[in-house]
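*Asks:* Structure provided below as C-alpha cells; questions to follow.
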Amino acid sequence: MLSFDLRYRWQDFQAHYQAQLPLGVTSILGASGGGKSTLLALLGGYIEGQGSIQFEGQELLSLAPYERPITTLFQSDNLFPQLSVWDNIAIGLSPSRSLSDEQKHKVHWALEQVQLQVYADKFPDQLSGGQAQRVAIARVLVRKKPILLLDEPFSALDPKLRSDMLHLIKDLTHRYQWTTLMVTHSPADAMLLGGQALLLEEGRVVVQADAKILSEIPPDSPFNRYLHISMPVK
Amino acid sequence: MIFSSHLRPAWLGVAVYLVIAGAALVALLGYASPSDWGRYLADPYTWRVVRFSFTQASLSALLSILLAIPMASCLFHRRFIGRQTLLSLFAISMVVPTIVAILGIVVVYGRNSWFTSLFGVSFPLYGLGGILLAHVFFNMPLAVRVILQAYQLIPDAQWRLASQLGLSRWHVFRLIEWHYLKKNLPGLFLLIFMLCFSGFAVVLSLGGGPRSSTLEVAIYQALRFEFDLNKASYLSLLQVFICSLVALAVYKLVPAIRQDVSLYQGARLLMRSSRLAMLVDFGSLIIVLLWILPPFIAIFAPIVTPLFWQTLWQSDLWWSLWHSVRIALPSGVLALLIGLSIAALARALRWRRGGDGWAQKLEQSGNLVLMVPSLVLATGLFLMFRNIGISIKHAYWIVVWVNAVMALPFVLRAIMPTVYQQEKRFRHLYEQMNVVGLARLRMEWSQIRSAVAQGLAYAVLLSLGDLGVVALFGSKGLETLPMYLYQLIGSYRVEQGACVAVVLILLCLVLFSLINRLIGGRRVVV
C-alpha cells in the first residue's frame with residue numbers, strides 16, 4: 001500500500017494530494033496543468049513538498065531520490081547518451097559498472113525481457129524511441145524497486161508500439177508485484193492497463209475509481225468534465 | 001544585399017581595421033632579413049626563452065585547470081555561505097588590471113612580505129614561482145567560469161538519473177561531468193596556454209631577469225633596448241608559429257562527443273555525498289582561497305593608511321590617471337566601432353547561401369591579436385608611420401589603436417551572440433519590410449544595448465589596465481596609471497604603489513558601472 005498526503009506550492013499553483021494506492025497499476029488522468037507530473041516529481045523526490053509518503057510502513061519523504069524504493073521512467077532522457085545500452089542497464093546495479101557474474105547474468109536476463117539482446121553494444125543515439133524506453137524498462141527490472149512511476153513515457157510512440165509497451169508494463173507489474181503509477185493523457189491507455197484511475201484537478205485528487213468505469217462513466221462523475229474537454233463525445 | 005548602401009560604414013570599418021593591421025605587419029616584415037635567421041636559430045638564448053615560455057605556459061595552464069575542476073564541481077553541487085561572494089571575486093580577478101594583481105602578489109610574497117614575516121623565510125617570488133603564482137591567480141577563475149558554463153549545458157535529465165540511481169559524487173564526476181568537460185578542456189588549456197605563453201606584464205615584473213623570460217618579453221627587449229627589428233620580426237614569427245602549432249595539436253586531441261539535445265533546466269538535485277567528496281571539496285576550497293584572497297586584501301589594505309591620502313595629493317598620480325582615461329576611452333570606442341562593423345557584416349552573411357563560412361572568417365579576423373602579439377602590431381604601426389614620414393609624437397594613436405585591437409576579441413564575444421539572435425529571429429521580418437541601417441539599429445537598441453555596453457566596458461577596462469604597448473613607447477604623455485605603478489614597484493616603493501593600485505581599481509569600477517548604466521541602461525553587477 002502506497003499512501004501519500006502531500007502539499008506543494010509553486011507561485012500560484014497550490015497542490016494537496018491525498019490518496020491510498022493498492023498494489024498494481026494506477027493511471028493518473030487530468031487536464032494539462034492539473035499537477036500530474038508534479039505529483040510524480042514529489043513522489044520521486046525531485047521537488048520538495050510537505051506532508052508524508054508512506055510505503056509499507058516506511059516514511060519516504062525525508063529520503064533522497066536514490067534512497068526511495070522508487071524508479072521513475074520519464075517522458076524522455078532516461079538513458080545516459082554517453083553509455084552503451086549494456087552500461088545503461090548495468091549502472092542500475094552498480095554505479096561503478098563493474099559487475100559480478102551474477103549481476104551480468106541479470107543484465108542479460110533484463111535485455112532478454114525487453115527483447116534487445118542484440119543491441120547491448122549500441123549507444124542510445126542509435127536506438128529508436130521505443131527501443132530506448134525498453135532499455136530504460138530493462139533497468140527498472142534490474143533495480144527491483146517496488147514502486148514504478150511512469151511520466152507519459154510512451155506518448156511519443158506509434159499506437160501499436162504504445163500498446164505493446166503498456167502490455168509489457170501491465171504484465172511486469174503483476175509478475176513482480178509492483179505499485180505502478182502512470183501519468184497519461186489517454187483514457188484508452190488507462191483502460192488497457194486496468195487497475196485504478198485517479199483524476200487530478202488543480203492539484204487535488206477528485207476521483208479515485210476502478211479504471212473500468214472509464215468505459216461507462218456515470219453522468220454525474222467529474223470524469224465527464226475532463227473527458228468532454230479531452231475528447232469529443234462519441 | 002551584402003553590398004547594399006546601408007552596409008557601407010561596416011565595410012569601411014572592417015577595411016580600415018584589416019588594412020592597418022596588414023600594413024603594420026608588412027612594414028615590420030620589411031625589416032626582416034631571413035638570411036640572418038640562421039644565426040638566431042643557433043642562438044641558445046632564443047631556445048632557452050622558447051623552452052621557458054613553453055614550460056611556464058604549460059604549467060600555468062595545467063595548474064589552473066587542475067585546481068579549477070574540483071572547485072567548479074564543488075561550486076556546482078554545493079550551496080554554502082560566501083559562495084556568491086567567491087563567484088564575484090572570481091569575476092573581479094579576471095578583469096583586475098594585471099599590474100594591480102602583481103602588486104598584490106608582491107605585497108604578499110615579495111621582499112618584506114606578509115609571507116616572510118609569517119614564516120620567517122622568503123618566498124622564491126622572482127622566477128618561475130612568481131610567474132606561476134600570478135598566472136594561476138588570473139586564469140584559475142577563468143577556468144572555473146568556463147567549466148561552470150560547460151556544466152550548464154549538461155541536461156537536467158542526467159542529474160535526475162544520477163540522483164535516482166544514487167551515484168556518488170565521484171561516479172557522477174566520472175560519468176557525467178567528465179564527459180562534458182573533456183571536450184572543453186583542450187580549448188580551455190589552449191586559451192590559458194596562449195595567454196601565458198605570450199604573457200608580458202607578469203613575466204616582465206616577476207621574471208627576475210633573462211633566466212626566466214618569454215618570447216613576448218624578448219621581443220620587447222629586442223625592440224626597446226636593442227632596436228633590432230630583424231630579430232623582433234623573427235621572434236614574433238616564431239611566436240605565431242608555435243601558437244598555431246599548439247592550437248593544431250590540441251584540437252587534434254578533442255574527443256568525439258555523444259550528446260543529446262534536451263536542455264530542460266530544473267531544480268538542483270541532491271547527489272550522494274561521501275567523506276571523500278567532502279574532503280576534496282573542502283581541500284580545493286581552501287587552496288583556492290589561499291591563492292586568490294591574500295593579494296586582494298593586500299591591494300585594498302592601504303586604503304586605511306595615511307600614506308594613501310598623501311599619495312592622493314601627488315600630481316603625478318592625477319596626470320597618469322588623465323593619460324589612462326585619454327587612452328582608454330577612445331580605444332574602447334574604437335574597439336566597439338570595429339566590433340560593430342564586423343558584427344553587421346557577419347550577420348548579413350550568416351544564414352545566406354555560402355555566407356556562413358565568411359561570417360565565421362570575419363569573426364575570427366577579430367581574434368588576430370590572440371595570434372599576433374600586440375607589441376608586434378605596435379612596432380609595425382610605428383614603422384609604418386615612420387615610413388610615411390610621421391614621427392613618434394603619434395605614439396598616442398598607436399597605443400589607442402593597438403589597445404582597441406587587443407580588446408576586439410572580448411568585444412566580439414560580448415556582442416555577437418545577441419546580434420546573431422536578433423538576426424535569426426527577425427531577419428525575415430526585416431527583409432519583408434526593408435528595415436535596414438539606422439532604422440534597424442533604433443528598433444534593436446533596447447535589445448542589444450546591454451551587450452554593447454558590456455563590450456565597451458570590457459574594452460575600456462582592458463585598455464585601462466594595459467601594460468604592454470605603453471611600456472614599449474613609454475614616452476611623455478603616455479605615462480598611464482599601470483606604467484606609473486610599474487615604475488613604483490620597480491623602485492621598491494610598494495606601499496605607494498598599493499595606493500595607486502587602489503585608485504586604478506576604483507577608476508575601473510567607476511567607468512565599468514558608468515558605461516553599463518548609461519549605455520546598458522541598467523544596473524549591472526560585475
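*Asks:* Which of the strands (runs of 3 or more DSSP E) found entirely inside segment A:1-118 contain at least 3 residues meeting this: at negative phi and either within 14 Å of chain B (Cβ to nearest Cβ) or acidic (Asp, Glu) (or both)?
*Replies:* Qualifying strands (runs of 3 or more DSSP E): A:2-10, A:70-73.
*Asks:* Follow-up question, since we're still on this one. Looking only at residues in segment B:151-206 that are in contact with a Ser or Thr (Cβ under 7 Å, 6 or more places away or on another chain) and over 30 Å from B:Ile489 (Cβ atoms), which one is surrounded by the most Cβ atoms within 10 Å (Cβ to Cβ)?
*Replies:* B:Gln164
*Asks:* Further, regarding this structure: Is segment B:83-90 home to any residue that is touching a Lys or Arg at 6+ places or on another chain (Cβ under 8 Å), buried (at least 16 other Cβ atoms within 10 Å of the Cβ) and assigned by TED's automatic domain parsing to the domain that holds B:Leu181?
*Replies:* Yes, some residue in segment B:83-90 is touching a Lys or Arg at 6+ places or on another chain (Cβ under 8 Å), buried (at least 16 other Cβ atoms within 10 Å of the Cβ) and assigned by TED's automatic domain parsing to the domain that holds B:Leu181.
*Asks:* Please state which of the following conditions B:Lys231 fails to meet, knowing it meets all the rest: (1) in contact with a Cys (Cβ under 7 Å, 6 or more places away or on another chain); (2) among the charged types (D, E, K, R); (3) at pLDDT below 85.
*Replies:* (1)
*Asks:* Here's a follow-up. Just need a number here: residues in segment B:114-125 that are crowded, with 19+ Cβ neighbours inside 10 Å and out of contact with any helix residue (DSSP H, G or I) (no Cβ under 6 Å at 6 or more places or on another chain).
*Replies:* Going through segment B:114-125 one residue at a time, the tally reaches 0.
*Asks:* On to the next question. Filter segment B:368-395 down to the residues that are surrounded by fewer than 23 Cβ atoms within 10 Å (Cβ to Cβ) and under 22 Å from the mean Cα position of the chain (by Cα) and list them by number.
*Replies:* Answer for segment B:368-395, where residues must be surrounded by fewer than 23 Cβ atoms within 10 Å (Cβ to Cβ) and under 22 Å from the mean Cα position of the chain (by Cα): B:Leu368, B:Val369, B:Leu370, B:Met371, B:Val372, B:Ser374.
*Asks:* Kindly state which helices (runs of 4 or more DSSP H) lie completely within segment B:125-222 and contain at least 3 residues that are in the same structural domain as B:Leu89 (by TED's automatic domain parsing) and over 30 Å from B:Arg272 (Cα atoms).
*Replies:* B:128-152, B:185-197, B:201-206
*Asks:* Now for a different question. Any residue at all in segment A:143-156 that is among the hydroxyl-bearing types (Ser, Thr, Tyr) and within 16 Å of A:Val183 (Cβ to Cβ)?
*Replies:* Yes: segment A:143-156 contains one or more residues that are among the hydroxyl-bearing types (Ser, Thr, Tyr) and within 16 Å of A:Val183 (Cβ to Cβ).
*Asks:* Please report, ordered by residue number, the helices (runs of 4 or more DSSP H) entirely within segment B:1-78 with at least 2 residues that are under 30 Å from B:Leu175 (Cα atoms).
*Replies:* B:44-77
*Asks:* Pull up segment B:450-490, narrow it to residues that are assigned to a helix (DSSP H, G or I) and hydroxyl-bearing (Ser, Thr, Tyr), then point me to the one that is surrounded by the fewest Cβ atoms within 10 Å (Cβ to Cβ).
*Replies:* Across segment B:450-490, the extreme among qualifying residues is B:Ser450.
*Asks:* Still on this structure: Can you name every residue in segment A:113-143 that is over 21 Å from the mean Cα position of the chain (by Cα) and free of Cβ contacts under 8 Å to residues at least 24 places away in the same chain?
*Replies:* Of everything in segment A:113-143, those that are over 21 Å from the mean Cα position of the chain (by Cα) and free of Cβ contacts under 8 Å to residues at least 24 places away in the same chain turn out to be A:Gln117, A:Val118, A:Gln126.
*Asks:* Can you pull out the residues in segment B:17-62 that are surrounded by fewer than 15 Cβ atoms within 10 Å (Cβ to Cβ), at pLDDT below 85 and among the hydroxyl-bearing types (Ser, Thr, Tyr)?
*Replies:* Result: B:Ser33, B:Ser35, B:Tyr45.
*Asks:* Need the failing condition index for B:Arg111 against (1) in contact (Cβ under 8 Å) with a residue 60 or more places away in the chain; (2) surrounded by fewer than 20 Cβ atoms within 10 Å (Cβ to Cβ); (3) part of a helix (DSSP H, G or I), just the number.
*Replies:* Among (1) in contact (Cβ under 8 Å) with a residue 60 or more places away in the chain; (2) surrounded by fewer than 20 Cβ atoms within 10 Å (Cβ to Cβ); (3) part of a helix (DSSP H, G or I), B:Arg111 violates only (3).
*Asks:* Here's another thing I want to ask about it. Test A:Val135 against the criterion of being away from chain B (no Cβ under 14 Å) and surrounded by 16 or more Cβ atoms within 10 Å (Cβ to Cβ), and give yes or no.
*Replies:* no
*Asks:* Quick one: which of B:Arg517, B:Arg493 is touching a Lys or Arg at 6+ places or on another chain (Cβ under 7 Å), surrounded by fewer than 21 Cβ atoms within 10 Å (Cβ to Cβ) and within 30 Å of B:Trp309 (Cα to Cα)?
*Replies:* After ruling out the rest, the residue left standing is B:Arg517.
The values are calculated or read from the model by the stated rules, or taken from the named source; none is laboratory data. A quick note: this is a predicted structure, and the numbers were derived from the prediction, not measured. Note that we place each Cβ from the backbone using ideal geometry, even for glycine, and neighbour counts take in every protein chain shown.
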